[in-house]
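Report on the following structure.
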Amino acid sequence: MEALKRTDNTDQNKQTGLMERDPRTAWWTQGRFGMFIHWGLYAVPAQGEWFMYASRTPVREYENLAEQFNPTEFNAQAWVALAKEAGMRYIVITAKHHDGFAMYRSKADAFNIADATPFGRDPLKELAEACEEAGVVLCFYYSHVIDWHHPHALHKEHNNTWDYKLEEKRFQEYWEGKAKPQIKELLTEYGRVGLLWFDTAGGLSEEDSKDIVRHVQSLQPDCLINSRVSHYMGMGDFVSKGDNEIGMSGEDARPWETPMTLNQSWGYTTKDQVWKTADTLIRKLVNVIGKGGNLLLNVGPTPQGTIPELSAERLREVGEWTRRNAEAVYGTDGSPFPLEPEWGAMTTKPGRVYLHIHNGAWTERSLRLTGIRNKVLRAYALADVSQTNLSCEQFYDEPLDLHILQIQLPSQPTDQYVSVIALELEGENDFDRTLTQLPDGVFQLEVPYAQVRLVREADAAAGTAPFRSAEWNFKLVKPGTYELLLVSFKRHDQDWESLYPEPIVLESEGQAIAKEPGEDMADLDSPSCQHPYTAVVSRLGTFTWKDTGIKTLILGSSRLKDPAPQFTEIWHADPVKLRALRLVRLED
Ligand code: FHN
């Protein structure tokens, strides 16, 4: 195996900083939490929004469903009130999903809820009014490339091939005749639209991607656009992560959002009853906001026009938590530190740090943190109405240049599921962002905080992928022997044996390991891992560091990704994701 050379690394560990607030995106980044609504004709067969494609239902037959779609129980105010109660600041509703059915009165295409159903109303108009009244920002999802109803819509993979022939497609007829006119309707007839959420851009050319962005900007310059408008990198105002994907902190330079299901489906279905609990949802919410992202949580309303009670009850429970902890959620930045603490997450504001501690990780011992250089004036639990001061001590370890804060937590968690401790700081926030081991527990080196370099090009003849190295420079606080664990997310349909074609190589201070990672342990409690992935931990061996201070560790693998790709990839396309190297100190 080729040695992994240490190269000069002046750009030390990348640092999380306060995201520059762009005035266009500020309402959205400050809002942090939104409601996604997948509602369409597909609610009638109640098997999710891909029903037409999965069952290859002919257009004429699918159109007949419209006669049965009469959601008389739809109440826009009630939906908006539920979003508000959950603590959601914006709503993104499917104006048209892949089935091509518009959920508003469209002059551009008669296949729409107002013209084709007995309901005859325009729910998006009613939602626009209710949102305006309630101060919630209304946004539209629009499937701009996939449209199984239109004869000329053309996607890279998912087309209606049972009604239409691919070779007869004239894409521009769809583009100019339906997609662009409908987007114009949405941006001219519903007042201010906060953002347009495009989806599944497979096959859309760079030129057409730019064309749609220009189209939106010419109609509502302040309307934000998500990155799924195109597979070309850098387009849109913010990054839509993969479905249910919570990235690693530091992974995205741009603002980002995780679209997430409450069960495992988007559109209404009677089949899927795998629901996330309120505990899970709150832990995922703090995991996302602690990394500086937004969470867009989905509901799939029924054909009658109601939000299923199993969804509503979860959202209300989440809302009780967001209400008590609002100041630690809205208008915050993610953690200033480049690691994910085992016990939860952190958010910040000028003069404040908030510690979001999972109740399962609550400790009666004091909690130790490093990196806050400010004097901590006061610490208290947000849910504690009397806001009793918690005892805090601060030390400075000069040889290690380490600012240590020790907080005595109350004997019991102070809130449901996740308890938030607020720290009031003196002066302007002053954090040491060096990748530093927390004094207790495990220490995880995440790939975005490494310098990733190409070691060996791909070799088609030998059937090998590019081999890259990831180099971390970090501050070790406790010397000793550490077990080294590889953390991977494995797609559920993959056989582990084929996933790592070569051994993982590790080097640090003259120590070296080359080991084929095994599927040794499942990490069932990872808040950032979600169906169809599972978190797998592989034991790679041990390294000993006899002293403290800045260490360099290099990992080599052909599973490390190109840090500057040309195209966004589809999250579910990856059979395995190499996430991090976890260091667990073995007892002396
Ligand atoms: O195919 C769609 C799916 O139906 C759903 O709308 C999700 C939401 O992010 N987006 C696509 C798949 O990524």
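The values are calculated or read from the model by the stated rules, or taken from the named source; none is laboratory data. Predicted, not measured: the structure shown is a model, and the values here were computed from it. Don't worry about glycine lacking a Cβ; one is built from the backbone with ideal geometry, like all the others, and counts go over all protein chains shown. Heads up: the accessible areas ignore ligands, DNA and RNA and are worked out on the full protein's heavy atoms, side chains in. Shrake-Rupley method; radii C 1.70, N 1.55, O 1.52, S 1.80 Å.
What distance in nm separates the simple spin-label points at LEU166 and ASP495, each placed 7 Å from Cα in the Cβ direction?
Using points 7 Å along Cα→Cβ, the separation is 2.9 nm.
Rolling a 1.4 angstrom probe over the protein heavy atoms, how many square angstrom per residue are accessible across the range 443-585?
Each residue of the range 443-585 exposes 42 Å² on average to a 1.4 Å probe.
Hey, if we sort VAL145, VAL452 by accessible area with the 1.4 Å probe, largest down, what's the order?
Of VAL145, VAL452, the descending order of accessible area is VAL452, VAL145.
What 222 nm value per residue comes from the helices of the chain, counting each DSSP H run with n ≥ 4 as -39,500 (n - 2.57) and dividing by all residues, nearest 500 deg cm²/dmol?
After summing the helix terms and dividing by the residues of the chain, the value is -5000 deg cm²/dmol.
Quick one: ranking LYS276, LYS125 by accessible area, 1.4 Å probe, largest first, what do you get?
Listed by decreasing accessible area, they come as LYS125, LYS276.
Kindly work out what percent of the DSSP beta bridges joining two residues of the chain are antiparallel, to the nearest 5.
That works out to approximately 75 percent antiparallel.
So in the range 27-324, what percent of DSSP beta bridges are antiparallel if you round to the nearest 5?
5 percent
Suppose we look only past 30 Å in the calculated P(r) of the range 27-324. What percent of the Cα-Cα pairs does that tail hold?
26 percent
Accessible area of the range 211-308 with a 1.4 Å probe: how many percent of it is carbon plus sulfur?
After summing per-atom areas, the C and S share lands at 49 percent.
Calculate the radius of gyration of the Cα atoms of the range 136-272 to one decimal place, then report Dmax, the largest Cα-Cα distance, as a whole number, both in Å.
Final numbers for Rg and Dmax: 15.8, 46 Å.
If you take every residue apart from SER143 with its C-beta less than 9 Å away from the C-beta of SER143, what net charge results, scoring Lys and Arg +1 and Asp and Glu -1?
Net charge in that neighbourhood comes out at -2.
In whole percent, and with a 1.4 Å probe on the protein chains, what portion of the accessible area of the range 335-425 is carbon and sulfur?
46 percent
Two decimals is fine: what is log10 I(q)/I(0) at q = 0.13, 0.14, 0.19, 0.27 Å⁻¹ for the range 419-498, from a Debye sum with one equal scatterer on every Cα and no solvent?
-0.74, -0.82, -1.13, -1.31
What percent of all Cα-Cα pairs in the chain falls in each 20 Å bin, counting up from 0?
P(r) for the chain, in whole percents per bin: 19, 50, 27, 3.
Under a 1.4 Å probe, what is the accessible area of the range 253-308 per residue, stated in Å²?
With all protein chains present, the range 253-308 gives 26 Å² per residue.
Hey, what's the per residue convex hull volume over the C-alpha atoms of the range 335-425, in cubic angstrom?
For the range 335-425, the hull spanned by Cα atoms encloses 97 Å³ per residue.
Roll a 1.4 angstrom probe over the protein heavy atoms and tell me the percent of accessible area of the range 36-135 that is carbon or sulfur.
Within the range 36-135, the accessible surface is 45 percent carbon and sulfur.
Ordering SER386, SER508 by how much accessible area each has at a 1.4 Å probe, largest first, what is the list?
The ranking, largest first, comes out as SER386, SER508.
Measuring from label point to label point, each 7 Å out along Cα→Cβ, what is the ALA253 to THR270 span in nm?
5.1 nm
Could you report the accessible area of PHE443 in Å², rounded to 10, computed with a 1.4 Å probe on the protein chains as they sit in the structure?
0 Å²
Write down the accessible area per residue of the range 335-425 in Å², having rolled a 1.4 Å probe over the full set of protein chains.
Value for the range 335-425: 42 Å² per residue.
In the structure shown, do any of LYS478/LYS515; LYS125/LYS180; LYS490/LYS551; LYS156/LYS490; LYS96/LYS210 have a Cα-Cα gap over 23 Å, and if so which?
Where the Cα-Cα span goes over 23 Å, the pairs concerned are LYS478/LYS515; LYS490/LYS551; LYS156/LYS490.
Can you bin the range 456-524 into rounded, prolate or oblate? Criterion: square roots of the alpha carbon gyration tensor eigenvalues sorted a ≥ b ≥ c, rounded for a/c under 1.5, prolate for a/b above b/c, oblate for the rest.
The shape class here is oblate.
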